[in-house]
Structure formats: structure tokens, C-alpha cells
1. Checking the structure you have, find out if any residue of the stretch B:326-349 is free of Cβ contacts under 8 Å to residues at least 60 places away in the same chain and in contact with a Pro (Cβ under 7 Å, 6 or more places away or on another chain).
2. If we scan the stretch B:381-392, do we find a residue that is touching an Asp or Glu at 6+ places or on another chain (Cβ under 8 Å), surrounded by fewer than 24 Cβ atoms within 10 Å (Cβ to Cβ), among the acidic types (Asp, Glu) and under 16 Å from B:ILE90 (Cα atoms)?
3. Which residues, counting only those in the stretch A:1-39, are under 15 Å from A:PRO79 (Cβ atoms) and among the β-branched types (Val, Ile, Thr)?
4. Quick check, is B:ASP335 under 17 Å from B:ARG30 (Cβ atoms) and either at pLDDT below 95 or surrounded by fewer than 21 Cβ atoms within 10 Å (Cβ to Cβ) (or both)?
5. When you scan the stretch A:24-68, how many residues do you find that are within 8 Å of chain B (Cβ to nearest Cβ) and either hydroxyl-bearing (Ser, Thr, Tyr) or open to solvent by 30 Å² or more (accessible area, probe 1.4 Å) (or both)?
6. In the stretch B:49-76, how many are assigned to a helix (DSSP H, G or I), aliphatic (A, V, I, L, M) and farther than 30 Å from B:THR168 by Cβ?
7. Given B:ARG378, B:ARG358, which one is over 30 Å from A:ALA119 (Cβ atoms), open to solvent by 20 Å² or more (accessible area, probe 1.4 Å) and touching a strand residue (DSSP E or B) at 6+ places or on another chain (Cβ under 9 Å)?
8. Based on this model, can you work out whether B:THR36 counts as at pLDDT below 95, open to solvent by less than 10 Å² (accessible area, probe 1.4 Å) and of a type in the set (Ser, Thr, Tyr)?
Amino acid sequence: MAFMPFIAAGDPDLPTTARLLKELAASGADLIEVGFPYSDPIADGPVIQASYTRALAKHVKLKEIFATITGVSREIQAPLVSMVSYAIIFRQGIDAFVQEAKAAGFAGLIVPDLPGDEASGFAALMAKHQMDLIQLVAPTTPPDRAAKILKHATGFVYCIAVAGTTGVRKELAPQLAEMLKSLRTQTTLPLAVGFGISAPDQIHHLKGKADGVIVGSAIVKLLENLASDSSKTDAVLREIGSFAKTLADAAHT
Amino acid sequence: MSVALPDTPLSGHATSQVPDAEGRFGEFGRRFVPETLMHALEELTVEYAKAKADPSFQKQLDGLLHTFVGRPNPLYFAERLTHECGGAQIYFKREDLNHTGAHKINNTIGQTLLTLRMGKKRVIAETGAGQHGVATATACARFGLPCVVYMGEEDIRRQKLNVFIMRTMGAEVRPVTSGSRTLRDAINEAMRDWMASVENTHYILGSVVGPHPFPMIVRDFQSVIGKEARAQCLEATGRLPDEVVACVGGGSNSAGMFYPFVDDTNVELTGVEAGGRGPKAGDHASTLTFGNKGILHGTYSYVLQDEDGQTADVHSISAGLDYPGVGPEHAYWKDTGRVRYVNIGDKRALDTVQHVARTEGILPALESSHAIAYALERAKQRNPSDIIVVCLSGRGDKDVNEVARLTGQEL
């Protein structure tokens, strides 16, 4: 099973983001999601929103994020995927944004506020640039909607484990297994599960049902310590690295 | 600038036959929300269409608007202001006389009936100044529905009276501590709650913003304002007004006021935004005047944001206009030229509260004062035979602390 960690770009600053991406790659990440800080992230829970808020408070700019990724993406094997609001993409011009993302070395985009219904034009543009557009399916998605969404999906399918926002949860919804089973009959794309995943036993529980796990808030939470004290950077990076390794091992064994 | 979305081209003139099935007002509107909400929005669209076609739903709504809200409220001839301006005749549509003191309750009664119809057991809402929160708490109390209102911590501090009223009505007011701690974040927080609770909860959005079908539903429920005003003007004067004026924040009272006049192409429509302290970014909330096309809170409209797409800070003396976005139908009306959008600053709005109070014996809300201030100017440029109808969207009691503070008076 693939292990896919998530971090927000620019928290606490972009040089640390670059180091963190390398640390995650070295710890066994098979793909890394890079969240673009956004002022109004409605799909995100408090931990990731706080991370975005910290980055924006330091005025992190899109251009600088792309520059940082351009530097890192060549140095690591794991593909990088950008998690970005359509508000940001649209503001840049969708064509310009996709080109910049591609040039920086992103392999694909996850656009949480561009649901399948609205995605057809954007999916075509992404295909033209040979970028993956990862689509999300929720526990509230009826099967006929899922079929519509999957029409535009490439890369993998992001299966939302629980109704609600991102964030650590102890239990995964009982319907999740059913949703994964149903999706398996509708697509040959890998199924990755995210929202609420934070521990190796949850990952073990998904074995044989999913092809990947996405872990965001549990990792991002560890960055909170750096907000006030940058002298801890080395220690926090090591901590995140070893946490990521535990999760990667759980996914890979 | 941005590349256009794949969309339907503008028709060149506005029609009232919007939105289409995908929620498009011309190129604007639609749904830009997490997948978790999509099914609920589709369900709401279907249920609303059924309710709209059901005469018993309309009958129940009309009954409540009559006996509980106090509709129809009057169209009032502002005689002394008219004489003073020496131009067009000025009429006020008196939404301030509704139960709870503003137009907001037209929508919350309608959406509460929808909630009951859908069999949902809990209501959530967002509020800025607290008017929509109070109107939602009131409607929920009337039907015994549990109600949670999200309100920015900063707004809770500024609007203690409304917080007290909401709690008295049995609602839980939940402070929002993220981001700017104001209306924008209250909407984010309400949407997050809804994502986790969508199976049993309805979100009563308070303005003509957000994803389809909210801009349409809120406009429809608020259209009672324009329908009444249109009929009342015909009855009182024998003809339609020459110009209709309303203030625009998110745009619900103005959408309700304008919509029944959209196809009356001889009636000029003017929306008045909050000019705040001036045209510098962060000093105003004039989204249609200074904003760009963009996405916020699940809809494609005009928005105030920086060059990276981050939502901008906004300012207005009036908390109800203090919003960095605007309803997609207003964006459509702006681009088709059907409605003209202007702005009025803090100072003029504040002066107008006092002026209207002394001249007409009516204390308007700071929001409504923006519209009145423009109408008074405009009346002077028009002939005495012309008629201007202004939406007096709410009463000013909620603003007395702010007005006293800003005019250096003790309360």
C-alpha cells in the first residue's frame, strides 16, 4: 500500500518545507501532497487551517512556492501533487496555473472545491498538459454520482473516509469498506483513503481494501511547535521523519 | 487576468429566467464545494423545486409571513425628505417593520419550512452582525428546531444585544476563532459543520451567496419585498417607479427587491455597496465596484482578493455589508448592465442615519442608510414627477452603540 503524507507549503517557512519534503521522501513516502495555503479552506479542519494561517501570516506567495518546489522536485523520487483551491487556480488563470505547476515538477493536482460536475473543462486542460487530476469521492456520494466523477479522474481516486473535514479521528466510518468495494467495481485506478487517518493500526485495517493512505493533520500538527521557536527545526523534522517512517512501514508491510 | 471558465456566453441583457439547472446566472454561480456537500445540494435543489410547485407550501409560507412576520409591510412616502431634496418622490419599502427588524426573516421562515419538509432535525446558520442569526433563531424557536449559529469572536464582542437575543430564543451561539473571526469565517465554519452533519442538518445560509441552489432559494424567498413594492407602487401612484435602490453586501435584500423588476426594463435598478473609508484595498467592501471575477464560498462571482487569490480584508461601518464577496446574480446583473452599482462611504451612511431619523422619524440601519444616502442624492438630479423606491432593509436599533460611539455621544 502506498503512503502519501500531506504538508502545507510555507509552514513555518519555505526552506523548512523543502527540507521536510526530502525528509518525508527519505522516510518512505510514495507520493507527497503539498497544500497551497488558502485563506478560506472549507474542506479543512482546524489543524490544516491553522497551518495555512501560519504560512499566510508570513505572506508566503505562489511564486515562491513554485520556486521552492522547482528546487526540490528534482531531488526526490516521490511524485509531488498539489492540493489547491480552485479560487487560487482561477485567479492565476487556469491555463497559467497548470503550466506553472507542471514546470515546477508537480505530477498532478487535487482541487477539493472543484467537484466532478464542474471538472470536465479543467480535466481536459490537465490532460493536455499530461497532469493528473485527482478526484475525490465522499461517503455521501451516491454510486451514480461516483460514476460521473470517475469519468474525469486520473492518477488515483481520493476516497474521503468520513463525512466532514480533514483531521485526526480515532474511528473510521463503517461504510468506508463498502464504499471502497463499490468503487473497485467502477474503476481500475488506485484507491487512496484520506481524512481522519493518523495511526498504523488504521492503516493495517485498510489493507486489502485500499491501495494508499493519505495522512495530513497528524503530521502537520507536529509543525505547530515550530511556530514560536525555530531553534527546534532539526528536532521536529527528525520527529516527523520517524513518525512518517512508522506509517510508511505500516503501509508497506 | 484569468482565463474564462468553460461557460455559457452572456446574452447581452439580463433575464429573470436564471439560474439554469446547473445554477448558472450567465457565467456566474454554480457549485465550487467539497464533494461531501454535493449530494446535499442536489437533494436541496430537488426538494426546493417540489416545495415551490406545491401550493400548500406557499400557502403555509404566506400565512406565516402575514401573521408571524407582519407582512405586507408598507410602502411609505418619505414626504419631508422628498420636499427637502426638491426632486424625485422618495418611497421607502419598510422591511424595518418586520418581526426581528429586518428583511432577513423572509428567508429564514422559508428555509425553516424547507428544513421541516426535508425531515431534517437540526439547523445551522452563520451570522455577521447577528441579524440573520436572530432571524434564524426566531424561526427555529417557532418550530422547535435546535439551532446552532456560528459567529466570529470579533462580531460576538461587537454585537452583544443580538447574541443575547439568539440565546434567549434557545439557539446556541458558537464563537468562531479562526481566520479573521468575522462573517467570512463564520460561513467557513458553518460549511464545515454541515459537511459532518449533512445527513440530519440543514444549513440556512443568510444571503444570496454560496453554492447553487442557495443564491436562487434566498432570492426567491426575499422576492416578496420587490413583489409587494411593485404592487404597492402601482396602487399608490398608478405606475412603476423610475428607479429602485437597495444596499448590497452579500446582496439578499437587493436581490429580493430587484428581481421582480428585472423584466421591467424601464425601471432603473441601483445597488449601493459599502464605500467604507475609501477605495484603498482593505478600506471598503465594494466587491462589484473594485473586485475581480473569482471564487469564494462555493460560488463564482465577483470577489475582493489579492493577486494570489487570497480573500482580502474588508471594512465597512456597517457589519451587514462587510463581506468580501457578493451573490452571483448581482455579478450577472452587473455584467449585463441591468443593475448599476455605486458606493457610499462610512461617513455619509452615518450622517444619513441621523438625518433620516430627524426628518422622517425613522431610525434606519446603517446598511439601509447607504441606499438612502444614494437615493437622496439621486432624487435631486431627477424630476419631481419621477419616483424612487428605496429598500429600507432594517431598523437601526442594533446600531445605536456604534452610532453613539462614532458621533462622540454617551448611550
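1. Taking every residue of the stretch B:326-349 in turn, none turns out to be free of Cβ contacts under 8 Å to residues at least 60 places away in the same chain and in contact with a Pro (Cβ under 7 Å, 6 or more places away or on another chain).
2. Scanning the stretch B:381-392, I find at least one residue that is touching an Asp or Glu at 6+ places or on another chain (Cβ under 8 Å), surrounded by fewer than 24 Cβ atoms within 10 Å (Cβ to Cβ), among the acidic types (Asp, Glu) and under 16 Å from B:ILE90 (Cα atoms), so the answer is yes.
3. Within the stretch A:1-39, A:ILE7, A:ILE32, A:VAL34 qualify.
4. yes
5. The number of residues fulfilling the criteria is 7.
6. Of the residues in the stretch B:49-76, 1 are assigned to a helix (DSSP H, G or I), aliphatic (A, V, I, L, M) and farther than 30 Å from B:THR168 by Cβ.
7. Result of the check over B:ARG378, B:ARG358: B:ARG378.
8. Yes, satisfied.
The values are calculated or read from the model by the stated rules, or taken from the named source; none is laboratory data. Because the structure is predicted, anything quoted here is derived from the model rather than measured. Every residue, glycine as well, gets a Cβ built from its backbone with ideal geometry; the counts of neighbours run over all protein chains shown. These accessible areas exclude ligands, DNA and RNA; they are computed on the full protein's heavy atoms, side chains included. Shrake-Rupley method; radii C 1.70, N 1.55, O 1.52, S 1.80 Å.
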